[in-house]
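Presented below is the structure to which this report refers.
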Amino acid sequence: MRIFLILFVLAIFLAVGGAGATLYAFYHYGRDLPEYSQLADYEPPTVTRVHAGDGRLLEEYATEKRVFVPIEAIPKRVVNAFLSAEDKNFRDHIGVDFPSIARAAVTNVKNLFSGRRPVGASTITQQVAKNFLLTNEVSYERKIKEAILALRIEKALTKDRILELYLNEIYLGNRSYGVAAAALNYFNKSLDELTIAEAAYLGALPKGPNNYHPVRRRDAAMGRRNWVIGRMLEDEAISAPEAAEARAEDLVVRPRDATEIATAEYFAEEVRRELVGLYGERGLYEGGLSVRTTLDPALQEAADRALRQGLIDYDRRHGWHGLIAELDLANGGPWQDQLAALEPPEAIGDWLMAVVLSAGDETAEIGLVGGDTGVLPYDAVKWARAQLPDQEIGPRPKTVSALLKAGDVVLVSPQAPGEDAEAAAEEGDEAQESDTAEAAAQLYDLQQIPQANGALVAIDPHTGRVLAMSGGFSYEASEFNRVTQASRQPGSAFKPFVYLAGLDSGFSPATLILDAPYVIDQGEGLGKWKPANYTKKFYGPTPMRVGIEKSRNLMTVRLAQAVGMEKIADYARKFDIMDNMPEVLSMSLGAGETTLMRLTTAYATLVNGGKQITPTLIDRIQDRHGNTVFQHDRRQCATCRVPEWAFQDVPQLPDTREQLADPKSTYQIVGMLEGVVQRGTGRRIAEIGKPLAGKTGTTNENRDTWFVGFTPDLAVGVFVGFDEPKTLGPKDTGSSVAAPIFKSFMAEVLADKPAIPFRIPPGIRMVRLNAETGQLARAGDRRVFLEAFKPGNVPRGESVIIDGGYSPTTGRTRASGTGGLY
């Protein structure tokens, strides 16, 4: 009896001691634990996806590639697979499964003497506590903290919320965070498409994804998957026939379908910067945003092609500078190893790096990375003249060996079949038969990375949506975006806004402007300012239209003096070309600085009738829950959202755009810019055969070249110049450098589009004029065209000549005499 009493007292003592120890542990380890209540509102980091306007994926931004799925949308078979594998008593325990802990303790004691790994008894709630609030440190202290947090979490959150956090957060290998990403990356399926066997395999992965790799450790993966299937059968989550069928199913990993991707590096980077500005780095990389951009992939591809080819064409006209390196073929070891050791240029694109193995009069044999060989024919290298200072060039090489020698490393691109033969035929060369080896060899073209750079942007003139943006020859070589970041002088491309100010001041396209020498004394020690026309000639009184068509500097300066630079500076500000343009006459010739984006947007405003637009790259942003958090078009339309169409009237959206200029004046400018294409400095573009308008721009010493133009529904700007400004060449202007790129782009994107004329606003009168005199056409006149006039502004025979002193407000007219400053 005494023994039982002693045992009873000892049991009580141990129970009290154990309870005290437990309470102390809870107090000691529970004091500084992380705040678990934050999990109630926790949203795991998820990927932000940026899409083009047609839905194609443009870019993804994420710290962890995770797809968040609410617990209601996760199929039961997936949930049951994880519960059976990880925590079969999840629905019943309080955060810690004490019976499982006891079983694990007994098992570990047995394993201690058999050399097996110890087993754990962590619940899903404990894993949530560890993954979200603790570290991966292996220690008893961490396990105690984990248990305490699990008990607290169970009180604060529902079982479904805990499961939701767990299934979306857990890492399952193969770059997969969460079950949705794992289903895609392992089986190319959504969650609801998974079979029982596939769900069981995912449930097998939390214990160690690398241990159960489906290819490298296939047997272990199959064994663990079948064990999970057995547990699901024990837990009555599946039936015996379903378990048998699942065990018999092979473990087949399917790569994800190739995502249709749109490529627009400069555009995507501009979007990324805007998103960071709106939501910060964390909001972008962890916020799970869905971003629909304005990008038109077809226009973007055309823009990239046109800009790239235009820069290559310009660069080839200015000589050879494309030698990358020189190899020692005699003493440097195998050429294949030497070539493979070279770092290719960043802007190589789809070109290939090659070494010249031998060079003769007509051909050079080249070796490529990988060991293949090919042939460079003379027709593929004859463009490569010697490059001289100031973009001048030397004579054409007479042979291939005059340009290249053995060991030279160059860039090449494969010729299309028959390309060399066609080139020879165009040159009028006699056809010659090649020997069998040469005929079988792949022919290549000689390439070089352009030294000049440029940009192209395309905008919807009615909304400001940026449809395409090419910010340079190669994003890999330079992330500097010449559409938005390069501030350069627009030159004559600014002139339309000087003429617009004149039209709004009461002048007309037929107003005569004196084209004669003009000199201003700039003050003591500053010399005299003497603007001149590109041709260095003077043409006397000339219609305003001709001044813009032929880009006459002297006429523009006189018009600016008559209108007043204060007004022109105000137009530059209103149209967002420049913020604080100095009110000096040289600014009327484009001496200020602006970006291609700003100038192209201003031109878009001309063709849309003078309505203000703001360029945008983003149409809409939705958060991870599908709520729209940003929308470019903020107009309200109460009648747009209806359950069905019942033949009601189409909703009319209000036009909230600010009117920046008289629509009749902007139409007159559009007509004058159409004349630039038909008869002026941009006439090579008229070959496209569609209604087009635009203006060239060239700065002093031909440092910057521009062409900005439009159709009724598309505005496009092109800029070409060196990043460190220097002359492009003595004969390289906007019409010969930038305009061909504009033409190439427009020819492609308008090829299958109907010819739409420019829209005429109310109040415009179309009058027949003599193109030479600018006066009303008479019977027998040959060069006659239709000119746009405002009411009361039609020519009546009086010759008003702007010489810098005429004002439409005072009506002072100088029809003859010198006048002005010369």
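Sorted by mean Cβ packing within 10 Å, highest first, what order do the peptides 55-68, 521-534, 169-182 take?
The most tightly packed comes first, giving 169-182, 55-68, 521-534.
If the chain between Q309 and D350 were fully stretched, how many nm would it gain, using 0.36 nm times the residue separation less the Cα-Cα distance?
13.4 nm
Among residues other than G310 whose Cβ falls under 14 Å from its Cβ, what is the net charge (Lys/Arg +1, Asp/Glu -1)?
Around G310, the surrounding residues sum to +2.
Please quote Rg/Rh for the range 302-399 to two decimal places, taking the Kirkwood radius as Rh and restricting both calculations to Cα atoms.
Result for the range 302-399 is an Rg/Rh of 0.99.
Kyte-Doolittle cut-off 1.0, length cut-off 18 Å along the helix's own axis using Cα: show which whole DSSP H helices in the chain pass.
2-30
Would you kindly find the accessible area of W383, with a 1.4 Å probe and non-protein molecules such as ligands, DNA and RNA excluded, rounding to the nearest 10 Å²?
Accessible area of W383: about 40 Å².
Grab the beta carbon distance between S478 and T639, set R0 = 60 Å, and tell me the FRET efficiency rounded to 0.05.
Once rounded, the FRET efficiency stands at 0.80.
Taking 7 Å along the Cα-to-C-beta vector as the label spot, tell me the A341-R256 distance in nanometres, rounded to one decimal.
3.9
If each of T373 and N211 carries a label point 7 Å out from its Cα toward its Cβ, how far apart are those two points in nm?
In this crude spin-label approximation the distance works out to 5.6 nm.
Can you give the FRET efficiency for R796 and K405, using 1/(1 + (r/R0)^6), R0 = 60 Å, r = Cβ-Cβ distance, to the nearest 0.05?
0.25
Quickly rank 299-312, 566-579 as a protection proxy: mean count of other C-beta atoms within 10 Å, highest first.
So the peptides 299-312, 566-579, ranked by packing, come out 299-312, 566-579.
Just the ratio, please: alpha-carbon radius of gyration of the chain over 2.2 N^0.38 Å, N its number of residues.
1.33
Compute the signed sum of charges (Lys and Arg +1, Asp and Glu -1) over the other residues within less than 12 Å, Cβ to Cβ, of V767.
Result for the neighbourhood of V767: +3.
For an R0 of 51 angstrom, estimate the FRET efficiency from the Cβ-Cβ distance between R768 and A386 and round to the nearest 0.05.
It comes out at approximately 0.40.
What is the spin-label model distance, in nm, from K530 to S586 if the labels are put 7 Å beyond Cα along the C-beta direction?
According to this spin-label approximation, the distance is 1.6 nm.
Need the full-extension length gain, I144 to E281, defined as separation in residues times 0.36 nm minus the C-alpha distance. One decimal, nm.
Here the answer is 45.8 nm.
If DNA, RNA and ligands are ignored and the probe is 1.4 Å, what is the ranking of H213, H625 by accessible area, most exposed first?
Heavy-atom accessible area, descending, gives H625, H213.
Rank by packing, highest mean first: peptides 334-341, 739-746, 73-80, with packing defined as the count of other Cβ atoms within 10 Å averaged across residues.
Packing proxy ranking, top to bottom: 739-746, 73-80, 334-341.
For A406, what is the net charge nearby, where nearby means another residue's Cβ is under 14 Å from its Cβ and Lys, Arg count +1, Asp, Glu -1?
My count for the surroundings of A406 gives -3.
What relative contact order, as a whole-number percentage, does the chain give when Cα pairs under 8 Å and 6 or more residues apart are counted?
11
Just subtract the alpha-carbon distance of E566 and T614 from 0.36 nm times their residue separation and send over the number in nm, one decimal.
Gain on extension, E566 to T614, equals 14.9 nm.
So which lysines can K664 reach, going by Cα to Cα under 24 Å and dropping same-chain residues fewer than 8 places off?
Correct list for K664: K495, K550, K567, K574, K611, K690, K695, K790.
The values are calculated or read from the model by the stated rules, or taken from the named source; none is laboratory data. Treat the numbers as computed from the prediction; the structure is a model and nothing was measured. Glycine also receives a Cβ, built like all others from the backbone with ideal geometry; neighbour counts cover every protein chain displayed. Side chains included, ligands, DNA and RNA excluded: accessible areas come from the protein's heavy atoms. Shrake-Rupley method; radii C 1.70, N 1.55, O 1.52, S 1.80 Å.
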